1. Tell me yes or no: at least one residue of region A:85-98 is more than 8 Å from DNA strand B (Cβ to nearest atom), without any contact (Cβ under 8 Å) to a residue 40 or more places away in the chain and under 26 Å from residue A:118 (Cβ atoms).
2. Mind checking which pairs have a first residue in region A:9-23 that is under 18 Å from residue A:106 (Cα atoms) and a second that is of a type in the set (Phe, Trp, Tyr), Cβ under 6 Å, 6 or more apart or different chains?
3. Please state which of the following conditions residue A:115 fails to meet, knowing it meets all the rest: (1) open to solvent by 60 Å² or more (accessible area, probe 1.4 Å); (2) away from DNA strand C (no atom under 16 Å from the Cβ); (3) touching a residue at least 12 places away in the same chain (Cβ under 8 Å); (4) of a type in the set (S, T, N, Q).
4. Specify the residue that is farthest from residue A:103 (Cα to Cα); the eligible residues are those in region A:30-48 that are open to solvent by less than 50 Å² (accessible area, probe 1.4 Å) and in a helix (DSSP H, G or I).
5. Please pick out the residue among A:98, A:66, A:33 that is within 16 Å of DNA strand C (Cβ to nearest atom) and touching a Leu at 6+ places or on another chain (Cβ under 6 Å).
6. Can you name every residue in region A:55-65 that is assigned to a loop (DSSP other than H, G, I, E, B), among the β-branched types (Val, Ile, Thr) and under 19 Å from residue A:101 (Cβ atoms)?
7. Considering only residues that are at pLDDT 90 or above, in a loop (DSSP other than H, G, I, E, B) and among the charged types (D, E, K, R), look in region A:97-118 and name the one that is farthest from residue A:7 (Cα to Cα).
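The values are calculated or read from the model by the stated rules, or taken from the named source; none is laboratory data. Remember, it's a predicted structure, so these values are computed and weren't measured experimentally. Neighbour counts run over all protein chains shown; Cβ positions are idealised from the backbone, glycine included. The protein model used for the area step is the full one, side chains on, heavy atoms only, and it has no ligands, DNA or RNA in it. Shrake-Rupley method; radii C 1.70, N 1.55, O 1.52, S 1.80 Å.
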Amino acid sequence: MDGDWFHTAVYHVVRQIPPQRVTSYGHVAKLIGKPAYSRHVGQALKFLSPDAHPPVPWHRVVSSTGAISSRGPGTDGATRQRDALVAEGVDVVTTRSGELKIDLREYGWFPAPGTVDIGVERDEEEGSGGERDEQGAD
DNA sequence: CATATGACCTTGG
DNA sequence: GCCAAGGCCATAT
């Protein structure tokens, strides 16, 4: 099943997200070579449990705008994510719309595809190596 | 088989 | 900055 490696790739990438940094579903999808699978990245994260070993910092994944999806009122998912991010030292702000948002300008982690290990064999193998930090975009 | 939905993204007004 | 529309792929009904 291809879906299997998809989950593996998502977990592997999410685990590589450094502390005090956040990325977006779409970027994770891009990193694994499936830019159109942004929605499925969320599905994969929903699939795993808080007791997963090794643990996956799913809370470091937000939407491209840096906002945390509501996932419906009354759900503690968003609140839990905010709490986890704040515990990491990330500054989460609340917009007038009542949405939790993060300053991607500071905490955004968006490395170029191919510069991170997705933990699976891709059709095209890169020369491996070539790690460079992303742009500061200051 | 057709429709609706989802931890979404991008573009345009 | 926010709201609306179109696109994307898989799963559920």
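1. So in region A:85-98, the residues more than 8 Å from DNA strand B (Cβ to nearest atom) come out as A:85-98.
Okay, now just the ones that are also without any contact (Cβ under 8 Å) to a residue 40 or more places away in the chain, so A:86-87, A:91-98.
The next check asks that each one be under 26 Å from residue A:118 (Cβ atoms); those that pass are none.
No, region A:85-98 contains no residue that is more than 8 Å from DNA strand B (Cβ to nearest atom), without any contact (Cβ under 8 Å) to a residue 40 or more places away in the chain and under 26 Å from residue A:118 (Cβ atoms).
2. So the pair list comes out as A:17/A:109; A:21/A:107; A:21/A:109; A:22/A:107; A:23/A:109.
3. Here residue A:115 clears every test but (1).
4. Step one: filter region A:30-48 for residues open to solvent by less than 50 Å² (accessible area, probe 1.4 Å), giving A:31-33, A:38, A:41-42, A:44-45, A:48.
Checking the rest, the ones that are also in a helix (DSSP H, G or I) come to A:31, A:38, A:41-42, A:44-45.
Working: A:31: 21, A:38: 20, A:41: 21, A:42: 20, A:44: 24, A:45: 22 Å.
Filtering first and then ranking leaves A:44.
5. Working: A:98 fails: touching a Leu at 6+ places or on another chain (Cβ under 6 Å); A:33 fails: touching a Leu at 6+ places or on another chain (Cβ under 6 Å).
Answer to the selection: A:66.
6. Of region A:55-65, the ones assigned to a loop (DSSP other than H, G, I, E, B) are A:55-57, A:63-65.
Now drop any that are not among the β-branched types (Val, Ile, Thr), which leaves A:56, A:65.
Listed by number, the list holds a single entry, A:65.
7. If we filter region A:97-118 for residues that are at pLDDT 90 or above, which is where we start, we get A:100-113, A:115-118.
Now narrow it down to the ones that are in a loop (DSSP other than H, G, I, E, B): A:103, A:109-113, A:115-118.
Next, from what is left, pick out any that are among the charged types (D, E, K, R): A:103, A:117.
On the way: A:103: 27, A:117: 14 Å.
The selected residue is A:103.
The rows are residues; the columns are (1) at pLDDT below 95; (2) open to solvent by 60 Å² or more (accessible area, probe 1.4 Å); (3) part of a helix (DSSP H, G or I).
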residue: A:14; (1), (2), (3): no, no, yes
residue: A:28; (1), (2), (3): no, no, yes
residue: A:50; (1), (2), (3): yes, yes, no
residue: A:53; (1), (2), (3): yes, yes, no
residue: A:72; (1), (2), (3): yes, no, no
residue: A:80; (1), (2), (3): yes, yes, yes
residue: A:83; (1), (2), (3): yes, yes, yes
residue: A:90; (1), (2), (3): no, no, no
